[in-house]
Amino acid sequence: MAQKLERGHTRVQGFRDPEMDHQLMRQLGSVRYGGASIGECLALAARIGDADPASWVQAFAESGARQAADAAERARNGFAVSARDQYLIACNSYRAAEYYCAVDDPRHGEYGQASRQAFLWAMQWDEASCTELWFTQNGLRLPAYHIRPARAAGDRMLMIVSGFDGTLEESYLAYGRPALERGYDLLLFTGPGQMDTWRFNEASHFAPDFEVVGRQAVDYALARPGMDPRRLALMGISFGGYFATRIAAHEPRIRALIANSPIVDLHAYMTSFAGIDPATLPESDDFGVEDLPHIPDAVMNAQTREMSRNLMLRFGQPTFSQTYRRMGEFRLDAAALAGIRCPSLALVGDGEGAEPLRQWQVFRDSVGGPCAHWRFTAEEGADAHCQVGNLSFSAAVSMDWLAGALA
C-alpha cells in the first residue's frame, strides 16, 4: 500500500500543563524578533514530558548547543547575517534551559553563561553596537548592556529591566529590538536576585530598594554625549513592573514609564497564583528546600517543586512561608505612586487573572502624572502575561505611546 502523502511530520501541539504551555508560548512569541523558529520549538515540545522540567532542560540545552555550533560554522565562513541570527536563537534556547534548571544546579550557571556568550557573539555580527556594563550594589556585580542602533541621533534612550526569570538577552529579543528599530538607544540592566546577576553571584537575593541600581543606570544614561535628559524612558517587564515603578517613584529624572504589568504589591500578586497565602502556613505545613525531594508527586509535581525551590533560593529565605512574608516588603503605597509625575503607560493582559488586573487599576488610579493604559485581549493573541503571544502588537502600543510621551 502506498504511503499517504503528508506535508510534514511536525504537529502544532502544546502542553496540558498551563505553566509549561505558557513557557512554550513565550518561546514561540520570540520568533517575531529573531529568538526562535516555530518548527524547532514544536519539534522540541514533542520530546518534552508534560510538566517535566528535566526533559525541558535537556531538550533546550541540546538545541542551544547545536544552534551555537551551526552559528560558529557560518561565522567561520563569513556569513554575517546567518551567524548573527543563529547565535540569537541559540542564546534564547539556552535561556529556556536556564529557566527550568534549579538555580543551585551547576548547569544553571553554565546555561546562563552560554546564553550570554551566544548573544555577545551575535552582536559582533550586528549593525548595532553593544557595550557590556557593570553596576554594583552591596558588593554585587550587576551586568548591563548599552546597545546603540547603527543610525540614530543618540539623544533618546529606553531603559529596560526584566523580572523574576527574564534575562538581559530576552529583554533585547522581546522588547528592546522594536525600540532599537525606532531609533532608541537601549540600556538593559539588572539588580540583585535577577537571573543575570545569579550567573556571576551564586547567592544573590531580591531586594525591594531597586532605586539603588536604578540611580546608577540613570546616571550612566544621562552622562552619554548628546543624550537629551527630556527623552529618558524606563520600562519594567513582569516583576520588573515593580522594579521600574519603584525606581520612578524615587527618580524624577525618568521622563516616561511603561509598566508591563504594574506590580504594586508583590505579596498579593504572588498569593493570587498560589490560591492560598503561604505566609500564614502553620509551622507543621511549612517546608524548606531540603524538604522538597521528600514531598510526594501526588502533593507537588516536579515542576512545582522546582519553581518553589527557585523562589526560596532567589529570595534568600529558609522556608516557603518566610519567602512569602519577605514578599510583603515589595510594596508601593499610595504616597509613593503619587510621587510618579512623569507620563506612564500601564499594560496588562485579559488572561493574567483578577489580581494583576486589580493592581493595574490601582496603578492607574494612584500615579501622580498622566497615565495611559491598554488591556490586551485574546482576540489580539496578546492576553497572556507580558503579551508573549503577540510581541509586535505590544511593541506597537508601547512604542507609539512612547513617541508621543517623549515628543
Item to check | Hits in region 45-69 - residues which are more than 13 Å from residue 94 (Cβ to Cβ) and of a type outside the set (D, E, K, R) | outcome: 45, 46, 48, 49, 51, 53, 54, 55
Item to check | Given (1) within 30 Å of residue 104 (Cβ to Cβ); (2) surrounded by fewer than 22 Cβ atoms within 10 Å (Cβ to Cβ); (3) modelled with pLDDT of 95 or more; (4) in contact with a strand residue (DSSP E or B) (Cβ under 7 Å, 6 or more places away or on another chain), number of the condition residue 161 does not satisfy | outcome: (2)
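Filter region 391-407 down to the residues that are buried (at least 17 other Cβ atoms within 10 Å of the Cβ) and farther than 15 Å from residue 171 by Cα and list them by number.
Our first condition is that a residue be buried (at least 17 other Cβ atoms within 10 Å of the Cβ); within region 391-407, this holds for 391, 394-395, 397-399, 401-402, 405-406.
Scanning region 391-407 gives 397, 401, 402, 405, 406.
Given the criterion in contact with an Asp or Glu (Cβ under 8 Å, 6 or more places away or on another chain), in a loop (DSSP other than H, G, I, E, B), farther than 27 Å from residue 252 by Cβ and free of Cβ contacts under 8 Å to residues at least 60 places away in the same chain, identify the matching residue among 382, 378.
Numbers: 382 fails: in contact with an Asp or Glu (Cβ under 8 Å, 6 or more places away or on another chain).
Sole residue among the options that is in contact with an Asp or Glu (Cβ under 8 Å, 6 or more places away or on another chain), in a loop (DSSP other than H, G, I, E, B), farther than 27 Å from residue 252 by Cβ and free of Cβ contacts under 8 Å to residues at least 60 places away in the same chain: 378.
Mind checking which residues of region 284-306 are of a type outside the set (Asp, Glu) and buried (at least 16 other Cβ atoms within 10 Å of the Cβ)? Don't jump to the end; show me each part of the working.
So the first thing to find is which residues in region 284-306 are of a type outside the set (Asp, Glu), and the list is 284, 287-289, 292-296, 298-305.
Of everything in region 284-306, those that are of a type outside the set (Asp, Glu) and buried (at least 16 other Cβ atoms within 10 Å of the Cβ) turn out to be 287, 288, 289, 292, 301, 302, 303, 304, 305.
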Checklist outcome for this item: All conditions in (1) modelled with pLDDT of 95 or more; (2) part of a helix (DSSP H, G or I) are true of residue 35 except (2)
Checklist entry - Just checking, which of 257, 292, 266, 234 is closer than 15 Å to residue 208 by Cα and either in the same structural domain as residue 165 (by TED's automatic domain parsing) or in contact with a helix residue (DSSP H, G or I) (Cβ under 8 Å, 6 or more places away or on another chain) (or both)? => result 266
Checklist entry - Does residue 152 qualify as being within 29 Å of residue 403 (Cα to Cα), more than 21 Å from the chain's Cα centre (by Cα), in the same structural domain as residue 186 (by TED's automatic domain parsing) and not hydroxyl-bearing (Ser, Thr, Tyr)? => result yes
Checklist entry - Are any of the residues in region 263-272 within 21 Å of the chain's Cα centre (by Cα), among the acidic types (Asp, Glu) and either surrounded by fewer than 16 Cβ atoms within 10 Å (Cβ to Cβ) or at pLDDT 95 or above (or both)? => result yes
Checklist outcome for this item: Checked region 45-66 for anything in contact with a Ser or Thr (Cβ under 6 Å, 6 or more places away or on another chain) and either over 20 Å from residue 116 (Cβ atoms) or not hydroxyl-bearing (Ser, Thr, Tyr) (or both); matches are 48, 49, 60, 64
Checklist entry - Which one of 167, 136 is out of contact with any Phe, Trp or Tyr (no Cβ under 6 Å at 6 or more places or on another chain), over 25 Å from residue 390 (Cβ atoms) and of a type in the set (S, T, N, Q)? => result 136
Checklist outcome for this item: Listed by range, helices (runs of 4 or more DSSP H) wholly within region 310-366 having at least 3 residues that are out of contact with any Cys (no Cβ under 6 Å at 6 or more places or on another chain), surrounded by 19 or more Cβ atoms within 10 Å (Cβ to Cβ) and not assigned by TED's automatic domain parsing to the domain that holds residue 53 are 320-327, 354-366
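Residues of region 55-78 being exposed (fewer than 15 other Cβ atoms within 10 Å of the Cβ) and hydrophobic (A, V, I, L, M, F, W, C), which ones? Give the steps one after another, and end with the answer.
Of the residues in region 55-78, the ones exposed (fewer than 15 other Cβ atoms within 10 Å of the Cβ) are 62, 66, 69, 73, 76-78.
The answer is 69, and nothing else.
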Next on the checklist: Quick check on my filter: what residues within region 173-212 are crowded, with 22+ Cβ neighbours inside 10 Å, more than 24 Å from residue 28 (Cβ to Cβ) and hydrophobic (A, V, I, L, M, F, W, C)?
Outcome noted: 187, 189, 198, 206, 210
Checklist outcome for this item: Scanning region 382-407 residue by residue, those touching a helix residue (DSSP H, G or I) at 6+ places or on another chain (Cβ under 7 Å) and among the β-branched types (Val, Ile, Thr) turn out to be 388
Next on the checklist: When you check residue 236 against the structure, is it of a type in the set (Gly, Ala, Ser) and under 25 Å from the mean Cα position of the chain (by Cα), yes or no?
Outcome noted: yes
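Mind listing whichever residues of region 264-308 are touching a strand residue (DSSP E or B) at 6+ places or on another chain (Cβ under 8 Å) and not in a helix (DSSP H, G or I)? Full working, then the answer.
Our first condition is that a residue be touching a strand residue (DSSP E or B) at 6+ places or on another chain (Cβ under 8 Å); within region 264-308, this holds for 264-267, 286-288.
If the condition is that a residue be touching a strand residue (DSSP E or B) at 6+ places or on another chain (Cβ under 8 Å) and not in a helix (DSSP H, G or I), then 264, 265, 286, 287, 288 are the ones that fit.
Could you run through region 79-132 and say how many residues are surrounded by fewer than 24 Cβ atoms within 10 Å (Cβ to Cβ) and not in a helix (DSSP H, G or I)? It would help to see each step written out before you state the result.
Applying the first criterion (surrounded by fewer than 24 Cβ atoms within 10 Å (Cβ to Cβ)) to region 79-132 yields 79-85, 102-110, 113-114, 116-117, 120-121, 123-132.
From what is left, the residues that are not in a helix (DSSP H, G or I) are 79, 102-105, 125-132.
Adding up the residues that qualify gives 13.
The values are calculated or read from the model by the stated rules, or taken from the named source; none is laboratory data. Worth saying up front: this structure is predicted, and the values here are computed from it rather than measured. Don't worry about glycine lacking a Cβ; one is built from the backbone with ideal geometry, like all the others, and counts go over all protein chains shown.
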